[in-house]
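For reference, the structure discussed in these notes is given below.
The values are calculated or read from the model by the stated rules, or taken from the named source; none is laboratory data. Small disclaimer: the values here were computed from a predicted structure and weren't measured. Quick reminder, even Gly has a Cβ in these numbers, built from the backbone with ideal geometry, and neighbours come from all protein chains shown. To get the accessible areas, we keep the full protein, side chains included, count just its heavy atoms, and leave off ligands, DNA and RNA. Shrake-Rupley method; radii C 1.70, N 1.55, O 1.52, S 1.80 Å.
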Amino acid sequence: MTSGNGAPTLTVPAAYNGPDGSGNGGYSAGLLAARLTGPGGPTVQVTLRSPPPLDRSLLVEDAPGGDLLLVDPASTDPASADRARPVAEAVVADPLDPDLIPGGPVGADEAREARQRYGGLVEHPFPRCYSCGPERAEGDGLRLFAGSVRPGGGPDGVGNTVACPWHVRPETDGGDGTAALAQVWAALDCPGGWSSDVVGRPIVLGRITARVLAAPAVGSTAVVMGHLESVDGRKVHTLSALHDGDGRPLAVARATWIAIRTRG
């Protein structure tokens with residue numbers, strides 16, 4: 001889409017929220033990344049600068065070097081009243097290794113069993129999140145409930161690996177019988193976050209770098225995995241991966257999350 005002055009735009013529909021009132025980080029980042037890549041294309045890194053607003057036309061601006069900047073023309077930049085608020089930046093990045101998750105993929109049966117250990121079924125800071133919210137009905141959200149398959153042994157649970165199945169429903173179709181790129185990025189998003197203690201320490205996505213080798217076919221069942229790489233103050237670093245039913249890699253991501261400040 002383009003704005004009235006011809007500038008390209010994108011909109012995050014209200015249904016694709018993360019925390020209430022703002023866009024799911026992975027989905028929003030994937031919408032912007034789709035301007036630079038696609039399945040089989042280059043790895044792209046998206047940095048979220050502010051919570052993506054919902055149902056609002058955002059401007060996609062060219063930045064030096066072929067990078068992209070997403071801005072909200074309806075809101076001013078806190079650093080300068082003369083500029084629109086920055087929402088996200090996208091850049092082409094170095095390729096990610098398809099075998100990113102330590103220990104390799106788990107099978108569909110193990111991922112299905114791990115789903116029962118998903119911490120968000122008991123308590124969830126964002127229960128209506130498009131990717132992982134248990135209050136979303138089938139067909140209304142991805143319902144990716146990743147539970148531990150390899151417990152972590154380091155401080156803060158570092159090394160923990162989670163997994164769950166992703167039943168690729170028709171609602172995710174990008175128009176060619178496979179999941180749209182933004183849907184794949186949404187699937188890579190929350191399972192990575194849930195490798196950490198999201199209940200005890202709520203986090204939001206700050207940066208995600210993803211490589212999509214192939215999008216899963218609508219009607220198929222894939223396996224999504226997340227891995228807690230490290231915790232550094234308020235920053236949580238995770239890995240995530242998507243495999244088909246035979247364990248072949250479809251997509252991988254590395255993400256940095258920011259712990260929400262709490263009063264007290």
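Note on the chain: GNM, Cα springs under 10 Å; of Ala180, Ala15, Ala63, the largest mean-square fluctuation is that of Ala63. Quick one: net charge around Thr76, please, counting Lys, Arg +1 and Asp, Glu -1 for every other residue with C-beta under 11 Å from its C-beta. For residues surrounding Thr76, the net value is -1. Does a label point 7 Å from the Cα of Thr221, set along Cα-to-beta-carbon, have any residues of the stretch 90-126 with amide nitrogen under 11 Å, and which are they? Of the residues in the stretch 90-126, 108-113 have backbone N under 11 Å from the label point off Thr221. What part of the accessible area of the chain, given as a whole %, is carbon or sulfur when the probe is 1.4 angstrom? Within the chain, the accessible surface is 50 percent carbon and sulfur. Between Glu138 and Arg112, full extension at 0.36 nm per residue minus the direct alpha carbon distance yields a gain of 7.8 nm. Over the chain, DSSP H runs of length four or greater, each weighted -39,500 (n - 2.57), average out per residue to a 222 nm ellipticity of -3000 deg cm²/dmol.
When only alpha carbons are used to place a centre, the stretch 25-73 and the stretch 102-124 end up 30 Å from one another. Across the chain, the relative contact order, built from alpha-carbon pairs under 8 Å that are at least six residues apart, equals 20 percent. Extension gain for Ser230 to Asp62 (0.36 nm times residue separation, less C-alpha to C-alpha distance): 57.2 nm. Where Lys and Arg each count +1 and Asp and Glu each count -1, what net charge lies around Gly177 among other residues with Cβ under 15 Å from its Cβ? With Lys, Arg at +1 and Asp, Glu at -1, the neighbours total -3.
Length available on full extension from Asp197 to Arg261: 0.36 nm per residue minus the Cα-Cα distance, which gives 21.6 nm. In this structure Ser220 has an accessible area near 40 Å², from a 1.4 Å probe over the protein heavy atoms.
The residues of the chain expose, per residue, 44 Å² of accessible area to a 1.4 Å probe.
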